[in-house]
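Just so it is clear, none of the values below were taken in a lab; they were calculated from the coordinates. Small disclaimer: the values here were computed from a predicted structure and weren't measured. Cβ: placed from backbone, ideal geometry, glycine included. Neighbour counts: every protein chain shown.
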Amino acid sequence: MYHIIGADNREYGPITPEQMREWIVQRRVNAQTRTKSAGAADWKALADFPEFAGALNLTGLGSPPPAVPPAATAAGRSSNRIAAGVCGILLGPFGVHKFILGYTTTGVIMLLVSLLTCGIGAPVMHIIGIIEGIIYLTKTEEEFIRTYVDGRKEWF
């Protein structure tokens, strides 16, 4: 069993050797990921563990940065729900809520429709923003992450 330090500087584990090999293949960890075996006091680079050398060499993971485990990643991004919801309601015609969620293309579409129609399209974009803002705010954190962060659902 092993423990790792994720990119968010939090400790994760215990992790089985099989799970560690899967994470190597999935690029969740790499040769530089700080690792220690269960019961050990010192942290070492994952590359210093001979049992994982083969998996690291096969995937060429000598240099990419360590990835954050999925739970930490989702938790870090979930706080965008409230900001996106409020901006959708207040600034819907400008697509600010889309930019907050990382949907650049849809944000640009909303902004251009509002501007290029000399404001005629803005009320429609505002209605869409209000609807989406209310949807974001009424979902639980878990539903929001599953739908808009992991699922990348860009409209409604």
| Segment residue 120-residue 44, length gained on full extension (0.36 nm per residue, minus Cα span) | 21.3 nm
| said: Among 149, 114, 97, whose Cα projects farthest towards the positive end of the dipole of segment 78-150, with charges put on the beta-carbon of Lys, Arg (+1) and Asp, Glu (-1)? | reply: 114
| remark: Sorted largest first, the Cα spans of the chain on the principal axes come out in Å as 65, 29, 21
| query | Once you list every other residue whose beta carbon is under 15 Å from the beta carbon of residue 128, what net charge do they have if Lys and Arg are +1 and Asp and Glu are -1? | reply | 0
| query | How big is the gap, in Å, between the Cα center of segment 125-155 and the Cα center of segment 1-46? | reply | 34 Å
| message | Quick check on the chain: helices-only [θ] at 222 nm, where DSSP H runs of length 4 and up contribute -39,500 (n - 2.57) each and the sum goes over total residues. Nearest 500, please. | response | -14000 deg cm²/dmol
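Among 43-56, 125-138, what's the highest-first ranking by average C-beta atoms within 10 angstrom per residue?
Put in order of decreasing packing, that is 125-138, 43-56.
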| task | Report, in cubic angstrom per residue, the convex hull volume of the C-alpha atoms of segment 78-150. | result | 61 Å³
| query | Hey, which lysines would be in cross-link range of residue 98, C-alpha to C-alpha under 29 Å, not counting anything within fewer than 8 residues on its own chain? | reply | 139, 153
| note | Taking R0 as 35 Å and r as the Cβ-Cβ distance between residue 25 and residue 82, the FRET efficiency 1/(1 + (r/R0)^6), rounded to the nearest 0.05, comes to 0.45
| field | Reach of residue 36 by Cα under 21 Å, taken over lysines that are not fewer than 8 positions away in the same chain | value | 44
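Roughly how big is segment 78-150's charge dipole about its Cα centre, with Cβ charges of +1 (Lys, Arg) and -1 (Asp, Glu), in debye to the nearest 20?
160 debye
Please work out how much length the chain gains when fully extended from residue 146 to residue 90, using 0.36 nm per residue of separation minus the C-alpha to C-alpha distance, in nm with one decimal.
17.7 nm
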| said: I want to check the label-to-label distance for residue 134 and residue 108. Put each point 7 Å from Cα in the C-beta direction and report it in nm to one decimal. | reply: 3.1 nm
